[in-house]
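To start, the structure itself, in structure tokens.
The values are calculated or read from the model by the stated rules, or taken from the named source; none is laboratory data. Just so it is clear, the structure is predicted and the values come from calculations on it, not from any experiment. Every residue, glycine among them, receives a Cβ derived from its backbone with ideal geometry; neighbour counts consider all protein chains shown. Ligands, DNA and RNA are stripped out before the accessible areas are found, and what is left, the full protein with its side chains, is counted by its heavy atoms. Shrake-Rupley method; radii C 1.70, N 1.55, O 1.52, S 1.80 Å.
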Amino acid sequence: QVQLVESGGGLVQAGGSLRLSCAASGRTFSSYGSGWFRQAPGKEREFVGAISRYGGNTYYADSVKGRFTISRDNAKNTVYLQMNSLKPEDTAVYYCAATNLRIAGPLDQYDYWGQGTQVTVSS
């Protein structure tokens with residue numbers, strides 16, 4: 001079992017940057033692949049990116065590729081989402097998730113979820 005708490009959300013102007021953090025507690029964090037998802041008002045939750053258990057592999061949704069970077073520090077039990085060149089369409093609640101798989105994409109492959117953090121990008 002692992003508990004996840006996101007932080008770092010806020011209001012930023014278009015073109016700006018934010019870094020989200022996801023702090024994990026419970027079972028050894030390196031046992032889990034991790035991912036970030038987001039959900040805009042009136043839309044389904046969508047995949048943003050994922051990172052493998054030890055950080056050796058990452059992949060991203062096309063909409064954020066080249067702008068967002070996922071990293072992790074297992075010594076600190078934390079996963080990060082660095083978001084650069086933000087656009088108004090990036091506005092959403094961002095969720096951190098953990099999977100018992102080495103790495104995963106689809107939402108239903110994730111076993112644990114944080115409560116989310118709001119990111120708002122103004123134009």
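Filter region 90-114 down to the residues that are part of a loop (DSSP other than H, G, I, E, B) and in contact with an Asp or Glu (Cβ under 7 Å, 6 or more places away or on another chain) and list them by number.
Asn100, Gly114
Please enumerate the residues belonging to region 65-112 that are among the aliphatic types (A, V, I, L, M), open to solvent by 70 Å² or more (accessible area, probe 1.4 Å) and closer than 17 Å to Ala40 by Cα.
Of everything in region 65-112, just one residue is among the aliphatic types (A, V, I, L, M), open to solvent by 70 Å² or more (accessible area, probe 1.4 Å) and closer than 17 Å to Ala40 by Cα, namely Leu107.
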Of Leu81, Leu107, Leu86, the only residue that is of a type in the set (A, V, I, L, M, F, W, C) and over 13 Å from the mean Cα position of the chain (by Cα) is Leu86
The condition of being out of contact with any Gly (no Cβ under 8 Å at 6 or more places or on another chain) and more than 20 Å from Gln1 (Cβ to Cβ) holds, among Gly49, Gly42, only for Gly42
